[in-house]
1. Decide, for the chain, between rounded, prolate and oblate: order the square roots of the alpha carbon gyration tensor eigenvalues as a ≥ b ≥ c, take rounded if a/c falls under 1.5, and otherwise choose prolate if a/b is larger than b/c, else oblate.
2. How are the C-alpha pair distances of the range 77-121 spread across 5 Å bins, as whole percents from the shortest bin up?
3. Just grab the label-to-label distance for Val153 and Lys166, each label 7 Å out from Cα along the Cβ direction, in nm (one decimal).
4. Label Ala123 and Asn85 with points 7 Å out from Cα along Cα→Cβ: what is the distance between them in nm?
5. So, in Å, what gap is there between the alpha-carbon centers of the range 39-56 and the range 96-161?
6. Applying 1/(1 + (r/R0)^6) with R0 = 22 Å to the Cβ-Cβ distance of Glu36 and Arg12, what FRET efficiency is obtained, to the nearest 0.05?
7. Normalising by the residue count of the chain, find the relative contact order in percent from Cα pairs under 8 Å and 6+ residues apart.
8. What is the gain in length, in nm to one decimal, between Asp21 and Ala70 on full extension, counting 0.36 nm per residue of separation less the C-alpha to C-alpha distance?
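The values are calculated or read from the model by the stated rules, or taken from the named source; none is laboratory data. No experiment lies behind these values; they were computed from the predicted model shown. With ideal geometry, Cβ positions are generated from the backbone for all residues, glycine too; neighbour counts draw on all protein chains shown. Calculation scope for accessible area: heavy atoms of the full protein, side chains included, ligands and nucleic acids excluded. Shrake-Rupley method; radii C 1.70, N 1.55, O 1.52, S 1.80 Å.
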Amino acid sequence: MLRRILTYPDRRLRKVCETVDNIDDNLRALAADMLETMYEAPGIGLAAPQIGVIKRIIVLDCENGEERSANPIVMFNPEIVDSSNETNVHEEGCLSIPEEYADVTRPKSVEVRWTGGDGEERAEVFDGLWATCVQHEIDHLNGKLFIDRIGPVKRQMIIRRMNKLKRERDRK
Ligand code: NI
């Protein structure tokens, strides 16, 4: 089922999400909805608070070939356990801040530990676009957005445009 994606400045995007205790069919169905919503958008990552669910769940698929839904990953309670000193600059966007992009500097590679849909613990090192994406999505679980990681001038410009869009939506 497609879910509605919340946009900035919705306050739910600023919540620190709760740890997921017990991965049951409801949570697996939620993750499936998140993947469907992400592919439809289309995007390469989505975090549960973006659909108004304040839980530590993210989905991602950074495979950028013709074949969409090539390599979906669902992570419950993802945690960065190690990050490289070497950094990487990547232009980021966010489905909750539509049509805005900015360069963000982050560690070039990160090791992430998480629980899969089957309840199994997993760990993997991500690099390149996957590293950028998984860090961006984990930020969402802590109420953090990519605009918090850019320079103040560009940030204010994006915030002003997003607030203006909200005023226009509210008038309708
Ligand atoms: Ni985002």
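1. It is oblate, given that a/c is not under 1.5 and a/b is not larger than b/c.
2. Final binned percentages: 6, 18, 14, 17, 20, 16, 7, 1.
3. So the label points at Val153 and Lys166 sit 2.5 nm apart.
4. Calculated label separation equals 2.1 nm.
5. Cα centroid of the range 39-56 versus Cα centroid of the range 96-161: 12 Å apart.
6. 0.65
7. Answer for the chain is 23 percent.
8. 14.8 nm
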